[in-house]
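Enquirer: Sending over a structure as structure tokens; questions will come in a sec.
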Amino acid sequence: MLYSIRMRSAKGGAHEYGGHHISGAERLITKQDLQKITETLIKRALNHEKGRADFIRLTIEEVKPKDIITIPMLKMETYNAIDVNDGHKNACDFLANAGISKMAIDNAMSSLLSLKENMRGAILIDVTTGKRLDNTGMRGIRVSRMDFKDTLQAKKHFDELGYTDNHVQEALVLASKVLSAPNVIGELCWSDDPNYIIGYVSANNIYHRITKMKPLHSSQGGRVFFVKTPVDITALQNYLERQPVLVDINL
Ligand code: AMP
């Protein structure tokens, strides 16, 4: 049996009462790992570079094995950007190569750059018109219930590549799930962690890790998912938020 464990934390009260988002996490783990991971997630919320959370919500739910699907991991390629402008230019090119319109790319970039407050989740944008498709406001769509199929194997794989921190691993799991969703063509992301300036675009089965996507010390980050219409938004939201998914690095 696996368990979905989800954490969200904020400072200044709960998110829904105006607190600022500090950090979040979602894992799909065994019973033996529950205690250890719960402790790690609480530590993450209390020792975050964005500040010490004063609101932490942990949700733990059993997941039925028959409900879980397994998907392949996206291939990773790194683009070494000269500066943030170069990073953004290449991010736009990767998205355009996936058939996403200039209007949609421009709207996505300006939506993320104009965020006054970090969202908990992602914005859905129409690949053609560039219009926002979800109506979740500042909450956004929060992708959840996903993990590596074999966490130890994945950790070994990324350690060997030199990616020892959590960012790439967690983002690759999320991005693989997002691109596996029907009608999702691409994703644009950079972190809200002030010291983590690397971001990514995923499209055409590739996770393009881009080394400079925001200035150092900026705590502004976000995510956009590009969606082909017509689409059943409720079904898409349901897949992203509720479908349990394991990512197999061998597929
Ligand atoms: P992070 O990479 O964790 O720094 O997150 C960067 C931004 O991505 C956050 O500010 C959120 O807007 C968004 N985000 C983080 N986690 C998720 C998630 N599980 N699902 C959707 N969007 C997320």
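Read-outs throughout are calculated quantities, based only on the coordinates presented, and are distinct from any laboratory measurement. Quick caveat, the model's predicted, so the values are computed rather than measured. Because the Cβ atoms are built from the backbone with ideal geometry, glycine has one as well, and the counts that use them run over all protein chains shown.
Enquirer: Which of the three applies to the chain, rounded, prolate or oblate, going by the alpha-carbon gyration tensor with a ≥ b ≥ c and a/c under 1.5 meaning rounded?
Expert: rounded
Enquirer: So, one more: Assuming R0 = 22 Å, what is the FRET efficiency of Lys36 and Thr211, from their Cβ-Cβ distance, to the nearest 0.05?
Expert: Using R0 = 22 Å, I get an efficiency of 0.10.
Enquirer: Is the C-alpha gyration tensor of region 57-141 telling us rounded, prolate or oblate? Criteria: a/c under 1.5 is rounded; beyond that, a/b larger than b/c is prolate, otherwise oblate.
Expert: Because a/c hits 1.5 or more and a/b exceeds b/c, region 57-141 counts as prolate.
Enquirer: Return Ser144, Ser9, Ser111 ranked ascending by Cβ neighbour count within 10 Å, so the fewest neighbours appear first.
Expert: Ser111, Ser144, Ser9
Enquirer: While we're looking at this one, here's another question. Once you keep just the Cα pairs under 8 angstrom separated by 6 or more residues, what percentage relative contact order results for region 1-136?
Expert: Reported relative contact order: 23 percent.
Enquirer: Taking the simple approach of a point 7 Å from Cα along Cα-to-Cβ for both Ile82 and Glu117, what is their distance in nm?
Expert: 3.9 nm
Enquirer: Could you work out how far the C-alpha centroid of region 211-247 sits from that of region 95-126, in angstrom?
Expert: 10 Å
Enquirer: OK, next. Only helical DSSP H runs with n ≥ 4 go in: add -39500 (n - 2.57) per run for the chain, normalise by residue count and round the 222 nm mean residue ellipticity to 500 deg cm²/dmol.
Expert: -9000 deg cm²/dmol
Enquirer: Going down the table (Lys156/Lys177; Lys36/Lys228; Lys177/Lys212), which pairs top 28 Å between alpha carbons?
Expert: Over 28 Å apart, Cα to Cα: Lys36/Lys228.
Enquirer: Classify region 164-251: rounded, prolate or oblate, from the alpha-carbon gyration tensor (a ≥ b ≥ c, eigenvalue square roots; a/c under 1.5 rounded; otherwise prolate if a/b is larger than b/c)?
Expert: In terms of gyration-tensor shape, prolate.
Enquirer: By a straight-distance test (C-alpha under 21 Å), which lysines pair with Lys31 as possible cross-link partners, with residues fewer than eight away in the same chain excluded?
Expert: Candidates past the 8-residue exclusion: Lys43, Lys64, Lys66, Lys149, Lys155.
Enquirer: Now for a separate question. Would you tally the net charge around Gly222, using a Cβ to Cβ cut-off of less than 12 Å, leaving Gly222 out, and scoring K and R as +1, D and E as -1?
Expert: +1
Enquirer: Then there's this: Return Thr164, Thr234, Thr128 ranked ascending by Cβ neighbour count within 10 Å, so the fewest neighbours appear first.
Expert: Thr234, Thr164, Thr128
Enquirer: If each residue of separation counts as 0.36 nm, what is the full-extension length gain between Lys89 and Ser218 once their alpha-carbon separation is subtracted?
Expert: Full-extension gain reported as 44.5 nm.
Enquirer: How do the peptides 199-211, 72-84 rank, highest first, by the average count of neighbouring beta carbon atoms within 10 Å per residue?
Expert: Final packing ranking: 199-211, 72-84.
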